[in-house]
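To start, the structure itself, in structure tokens.
The values are calculated or read from the model by the stated rules, or taken from the named source; none is laboratory data. Being a predicted model, the structure only gives us computed values, none of them experimental. Glycine also receives a Cβ, built like all others from the backbone with ideal geometry; neighbour counts cover every protein chain displayed. Ligands, DNA and RNA are stripped out before the accessible areas are found, and what is left, the full protein with its side chains, is counted by its heavy atoms. Shrake-Rupley method; radii C 1.70, N 1.55, O 1.52, S 1.80 Å.
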Amino acid sequence: MTKVNDPIIIGGKRVKNRITMAPTVKFDFAGDDGKVTEKHIKHYRERAEGGCGLICVEATAVTPEGRFGKNHMGLWDDDQIEGHKTIIKDCHDNDVVVIIQLNHTGITGNPEFGEAVGPSAVETRDGRMAHDLTIDEIHNMQDAFVAAAIRAKKAGYDGIQLHGCHGYLINQFIMKKTNLRTDEYGGSAVNRARFGAEIISKIRQECGDDFLISVRTAGADPELKDAIEVAEEYVKAGCDYLQVSHGVGEIDQTLVNGSEPYNLICSLGVHFHEHFKSRVPVSCVNSLLDPDNIKYLIENDLTDTVDLARAVLADPDFPKAVLGEKDSYVRCFECARCQYGPFTAHKCPAEMKRMS
Ligand SMILES: Cc1cc2nc3c(=O)[nH]c(=O)nc-3n(C[C@H](O)[C@H](O)[C@H](O)COP(=O)(O)O)c2cc1C
């Protein structure tokens, strides 16, 4: 029986246990220059010391236009490389594999940074009409992801994660609602996956075989079968690790059996694991806030690893409690304040409890 403490090899890297820290953006930690700050360093150092086997550093913009806002970390410029080195050293000193999530907002782009761009000219959430990328612009956008991955490698990261879910650019190519293209980037699952898959191949070519490439993919966008076909394309292109989350569409409720101790979003990862078993490691996420649920998933071979976001924001030492290295922890209150940003204004009650 696999235990949560058992190591696993992912993309040639030995990960000391089955716990990954999921990417969680810190809206008020960076400034307009997109550089790493002391706040980031302290934040990730605490989590590196807290027992995770792998940390995925938060969504990081590949172009200034692809940021959430002016307080969002970026890797669009060589000047942004240096600050990451301390985060990476702190992770490596704690035997933590560290990767960074690369993102572009696409049609959800912040109007401050110009027009919204995406696979097709569809209406954006704020009522604008998105510009549909030409083939040359698609290639330039892919190059921006590759250039950011090369910078991540120069900084010393063990790999990168492409943000392929939650409705951002790579996910917009997958969703039929936002991708109306009739060329080689639209239509079939293979074509809709092409934008992300070509980025993966290029990163593999530029960064080599020992650079871990993960995709955080939408487990059902529009449906599980389609999402698996898309993920197969990512794997063919060189993806080493599938970290499964959700898109923005409805998810088929029948994919989860209500008696299991995990939710519908987490069940998408379970289905992926069943499909990719022994070929590609898969991670599940969502509402894994209690050690018993996490152990259940690992010990019953329902997933290879678990991604934890709020549990590790609430208490950096939560992984130690799951691993049996600590008796107590402060549980996430599920108040969602951390999602409102900025963090300084919306304090995490679990963090306040820990500090008191
Ligand atoms: C404060 C906060 C920031 C987040 N930032 C990101 C991000 O940068 N990239 C991403 O893919 N998901 C992000 N997410 C989603 C989480 O990674 C995770 O999928 C979600 O919170 C569910 O997991 P949990 O129940 O363990 O919190 C964020 C979530 C929170 C609460």
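So the values come out like this:
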| read-out | value |
| --- | --- |
| The listed residue being more than 16 Å from the ligand (Cβ to nearest atom) and modelled with pLDDT of 95 or more, out of Gly219, Gly208, Gly258 | Gly208 |
| Matching residues, region 293-313, being outside any loop (DSSP other than H, G, I, E, B) and either within 9 Å of the ligand (Cβ to nearest atom) or of a type in the set (Phe, Trp, Tyr) (or both) | Tyr296, Val306, Asp307, Leu308, Arg310, Ala311, Val312, Leu313 |
| Hits in region 244-264 - residues which are among the hydroxyl-bearing types (Ser, Thr, Tyr) and surrounded by fewer than 17 Cβ atoms within 10 Å (Cβ to Cβ) | Thr254, Ser259 |
| When residues of region 276-291 are limited to those that are open to solvent by 30 Å² or more (accessible area, probe 1.4 Å) and over 22 Å from Ile170 (Cα atoms), the one nearest to the ligand (Cβ to nearest atom) | Ser287 |
| Out of Ser214, Ser267, sole residue that is part of a strand (DSSP E or B) and either buried (at least 24 other Cβ atoms within 10 Å of the Cβ) or within 16 Å of the ligand (Cβ to nearest atom) (or both) | Ser214 |
| Flag if Asp77 is among the charged types (D, E, K, R), open to solvent by 30 Å² or more (accessible area, probe 1.4 Å) and in contact (Cβ under 8 Å) with a residue 24 or more places away in the chain | yes |
| Residue, nearest to the ligand (Cβ to nearest atom), within region 93-116, restricted to residues that are without any contact (Cβ under 8 Å) to a residue 40 or more places away in the chain and open to solvent by 20 Å² or more (accessible area, probe 1.4 Å) | Pro111 |
| Any hit, region 20-36, residues being away from the ligand (no atom under 15 Å from the Cβ) and open to solvent by less than 20 Å² (accessible area, probe 1.4 Å) | no |
| Residue in region 81-98 that is assigned to a helix (DSSP H, G or I) and under 22 Å from Pro222 (Cα atoms) present | no |
| Flag if Cys52 is open to solvent by less than 10 Å² (accessible area, probe 1.4 Å) and more than 20 Å from Pro281 (Cα to Cα) | no |
| Candidates Ala227, Ala220, filtered to the one that is part of a loop (DSSP other than H, G, I, E, B), within 18 Å of the chain's Cα centre (by Cα) and not polar (S, T, N, Q) | Ala220 |
| Test: residue in region 4-15 that is open to solvent by less than 30 Å² (accessible area, probe 1.4 Å), in a loop (DSSP other than H, G, I, E, B), away from the ligand (no atom under 16 Å from the Cβ) and under 30 Å from Val235 (Cα atoms) | yes |
| Top-ranked residue in region 314-341 [being buried (at least 18 other Cβ atoms within 10 Å of the Cβ) and hydrophobic (A, V, I, L, M, F, W, C); ranked as nearest to the ligand (Cβ to nearest atom)] | Cys338 |
